[in-house]
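Here's the structure, in structure tokens; my notes come after.
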Amino acid sequence: MKIDRAGVPFIAAALVPAVGLAATKRYKSSVAFALLSGFLTYFFRDPERQVPTAPDLVVSPADGRIMIAGPSDGRWAPPGDWLQVTIFLSPMDVHINRTPVDGRVTRIHYRPGTFLPAFDERANDNELNEVWLDHGGRTVVFRQVVGILARRIVCRVAVGDELERGERIGLMKFGSRMDVFVDREARLLVKPGDTVRAAETRLAEFPPKGGA
């Protein structure tokens, strides 16, 4: 399994002391650092996924559990009339983020903020990165939102990029959440409490163009 390159410094920072301590026969301390290195390797894993090919689908941008699936709250949503799906990522989930639809990146907005637990309503004021996509004339917005442990957002796309559904776009470090906003024409396929997998789970579908 691949390991995301963002994890290499963290893994090395734990592995090097583990080796050094073992070399000086300080085995108990060495084991602690080795276990930390193992956890970090697991956290930054980047498994391959089978992306659905059917048209008009919106797939999950992250692994985790559905917190919200329904009309958005205008206090926290981007301007417009949206359906919202929010996914909470625990530290044990894969943290590689993927694009929910194919399309062209039209806007990226970074907003500084707080670092409250991602499952708390107050986390709507947390630091976030918001990506807007033109999906064949429809606008889809998704957000990377940090949590109490996640203190850095990695976004590897830029305005003008053409993305494929399920393509890797970045990650958030150590627990976080993702929001997806689609227009009201979409039909949601998930509910709160559902477990989802990035690039594979179908969150919503749009009606075919030119008719219902």
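Quick note: the coordinates plus some simple rules give every number you see, no bench work behind them. Because the structure is predicted, anything quoted here is derived from the model rather than measured. So basically every Cβ, Gly included, is an ideal-geometry build from the backbone, and we count neighbours across all protein chains shown.
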**OP:** Quickly work out the ALA23-to-ASP134 label distance, labels modelled 7 Å from Cα along the C-beta direction, and quote it in nm with one decimal.
**Re:** 5.6 nm
Original post:
Cα axis of helix 27-43 to longest principal axis of the chain: angle in degrees, 0 to 90, nearest 10?
Top reply: 20 degrees
Original post:
Mind checking the angle between helix 8-23 and the chain's longest principal axis? C-alpha axes, 0 to 90 degrees, to the nearest 10.
Top reply: 20 degrees
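Taking only the alpha-carbon atoms of the range 2-153, what semi-axes of the equivalent ellipsoid follow from 5 times the gyration tensor eigenvalues under a square root, in whole Å, largest first? Before the final figure, lay out the partial values.
Values: eigenvalues 260, 66, 33 Å².
Gyration-tensor ellipsoid for the range 2-153: 36, 18, 13 Å.
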**OP:** Sort 53-63, 182-192 for me by packing, meaning the mean count of neighbouring Cβ atoms within 10 Å per residue, highest on top.
**Re:** 53-63, 182-192
**OP:** Assuming R0 = 30 Å, can you tell me the calculated FRET efficiency for the pair LYS191 and ARG5, based on Cβ-Cβ distance, to the nearest 0.05?
**Re:** 0.30
**OP:** Have a look at the range 144-205 and give its Rg and Dmax from the Cα atoms, expressed in angstrom.
**Re:** 13.4, 35
